[in-house]
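Note sheet for the following structure.
Nothing in this text is a laboratory measurement; each read-out follows from the coordinates by a stated rule. Bear in mind that the values here come from a model prediction, so they are computed numbers and not experimental data. In this analysis, Cβ positions are derived from the backbone assuming ideal geometry, glycine residues included, and neighbour counts consider all displayed protein chains.
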Ligand SMILES: NC(=O)c1ccc[n+]([C@@H]2O[C@H](COP(=O)([O-])OP(=O)(O)OC[C@H]3O[C@@H](n4cnc5c(N)ncnc54)[C@H](O)[C@@H]3O)[C@@H](O)[C@H]2O)c1
Ligand SMILES: [Zn+2]
């Protein structure tokens, strides 16, 4: 069934464009992926959860698959070396392609390995978490963590194609669904009142893949448009930090015990409250933002003091010349950057 049209991302600076294709079933995705790979050699990189909880990898030969442990701890040098070693063992040349099939962790590390293997080979991104679909797979940022912090080592390496498939969402734990919803709601607030309203309509404590997936396309479109305006993160991409300056401080103070999406949700509410206090948005905007998180039963209560959070933000890497740049909502669908 080709019911959902693909999206095209155009990056004018480097004259690159690529497609995001949508499918409902693994069967359909499988056909399209095999067509896209064609006669090229390839290596699929995935994680143990995707391997265990979905059937997608079953039709591929084991020698073409590398399965890594799940979780953020995988986004480190030793696993980059594992991917590169496997590429050498399988004698991949520069015409080969890497295929990332996983959440943001697998997408980021596989994209990074692809960008440095023999000075760079193509990567296909197949995001399997909601967060990776609507956020991490788009925009070409790749990378790993190190002892000095998260995502500090990396490259820009645009994928040759992105595939979003509904069937992956069926095995995704509810907490991961909610993490992705945090970013989707963010996209609505920064770029599209319609997207926000559509999300309000499906908001309930246990949203199904069937209801969410049609909105994934709109969310990916909003992120794509921001990336198109600002491929290398000089200006417009800043908007995507809505909820993230507060959110990152919360993650640090809680030693990453919150899921990223929940931290972003709390951060977004804080940004809205700050905007209200400074006459940047009205009360209705704050109410709608709080309500949507409540309706999805995303717990936005936070026991940290304002003082603690501001202190942590001052130490954040995104602070320029000692000033904090906050992205604040003006209304649903529009944000502005505010320097404190
Ligand atoms: N490159 C970017 O622009 C960008 C943007 C946002 C986030 N990120 C990065 O993405 C990462 C977070 O992504 P994430 O939330 O997807 O984390 P993740 O990759 O750890 O996936 C979350 C969990 O879901 C599991 N999982 C994934 N797909 C599944 C499926 N279909 N069924 C069952 N389980 C499944 C994973 O094994 C993992 O346990 C972070 O490292 C972050 O830095 C990158
Ligand atoms: Zn985020």
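Using a/c under 1.5 as the rounded threshold, could you call the range 1-135 rounded, prolate or oblate? The axes a ≥ b ≥ c are square roots of the C-alpha gyration tensor eigenvalues, and prolate needs a/b larger than b/c, oblate otherwise.
On the way: a/c = 1.37, a/b = 1.17, b/c = 1.17.
Judged from the Cα gyration tensor, the range 1-135 comes out rounded (a/c under 1.5).
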Counting only DSSP beta bridges with both partners in the chain, the antiparallel fraction in percent, to the nearest 5, comes to 40 percent
Semi-axes (Å, rounded, descending) of the ellipsoid equivalent to the chain per its C-alpha gyration tensor are 33, 22, 18
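Calculate how many DSSP beta bridges within the range 7-172 are antiparallel, expressed in % of all such bridges and rounded to the nearest 5.
Working: 8 of 29 bridges.
Beta bridges within the range 7-172, antiparallel portion: roughly 30 percent.
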Full extension between residue 53 and residue 277 adds, at 0.36 nm per residue less the Cα distance, a length in nm of 76.1 nm
Helix 209-229: inclination vs the chain longest Cα principal axis, degrees, rounded to 10, gives 80 degrees
In degrees, nearest 10, the alpha-carbon axis of helix 193-202 is tilted away from the dominant principal axis of the alpha carbons of the chain by 80 degrees
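Would you mind calculating the gained length between residue 14 and residue 301 on full extension (0.36 nm times residue separation, minus the Cα-Cα distance), in nm to one decimal?
Numbers: separation 287, 0.36 × 287 = 103.32 nm, distance 4.32 nm.
Taking 0.36 nm per residue and subtracting the Cα distance, the gain is 99.0 nm.
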For residue 62, placing the label point 7 angstrom along Cα-to-beta-carbon and taking the range 91-110, residues whose amide nitrogen sits under 19 Å are 91
For the chain, the longest principal axis of the Cα atoms and the Cα long axis of helix 77-89 enclose an angle in degrees, to the nearest 10, of 20 degrees
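For the range 215-254, what class follows from the C-alpha gyration tensor (a ≥ b ≥ c being the square roots of its eigenvalues): rounded when a/c is under 1.5, otherwise prolate if a/b is larger than b/c, else oblate? The partial results should precede the final answer.
Details: a/c = 3.77, a/b = 1.58, b/c = 2.38.
Here the range 215-254 falls in the oblate category.
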Plugging the Cβ-Cβ distance of residue 336 and residue 116 into 1/(1 + (r/R0)^6) at R0 = 41 Å yields, to the nearest 0.05, a FRET efficiency of 0.65
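Pairs of Cα atoms under 8 Å, at least six residues apart: use those to get the relative contact order of the range 86-167, whole percent. Intermediate values should be presented prior to the final figure.
Values: 151 pairs, mean separation 23.9, N = 82.
Normalised by residue count, the contact order of the range 86-167 is 29 percent.
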The rounded separation in angstrom of the Cα centers of the range 29-93 and the range 208-269 is 26 Å
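Beta carbons within 10 angstrom, averaged per residue: use that to sort the peptides 55-66, 257-268, 98-109, 34-45, highest first. Could you put the intermediate results ahead of the total?
On the way: 55-66: 13.9, 257-268: 23.9, 98-109: 27.8, 34-45: 15.8.
Put in order of decreasing packing, that is 98-109, 257-268, 34-45, 55-66.
With a 10 Å radius around each residue's Cβ, average the other Cβ atoms per peptide and rank 175-187, 70-82, highest first.
Details: 175-187: 24.8, 70-82: 15.7.
So the peptides 175-187, 70-82, ranked by packing, come out 175-187, 70-82.
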P(r) over all Cα-Cα pairs of the range 174-340, 10 Å bins from 0 to the longest distance, whole percent per bin, short to long, reads 11, 41, 38, 10, 0
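Shape of the range 253-340 from its Cα gyration tensor (a ≥ b ≥ c, root eigenvalues): rounded if a/c is under 1.5, otherwise prolate when a/b > b/c, or oblate? Spell out each step's value before the answer.
Details: a/c = 1.97, a/b = 1.10, b/c = 1.79.
In terms of gyration-tensor shape, oblate.
Order 298-308, 132-142 from most to least packed using the mean count of other Cβ atoms within 10 Å. Don't jump to the answer; show the numbers that get you there.
On the way: 298-308: 12.5, 132-142: 26.1.
With the highest mean Cβ count within 10 Å placed first, the list reads 132-142, 298-308.
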P(r) over all Cα-Cα pairs of the range 156-244, 10 Å bins from 0 to the longest distance, whole percent per bin, short to long, reads 15, 46, 32, 6
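Evaluate the Kirkwood expression for the hydrodynamic radius of the range 85-183, namely the inverse of the mean inverse distance over all pairs of different C-alpha atoms, and round to one decimal in Å. Walk me through the intermediate numbers first.
On the way: mean 1/r = 0.0718 Å⁻¹.
For the range 85-183, inverting the mean 1/r across all distinct Cα pairs yields 13.9 Å.
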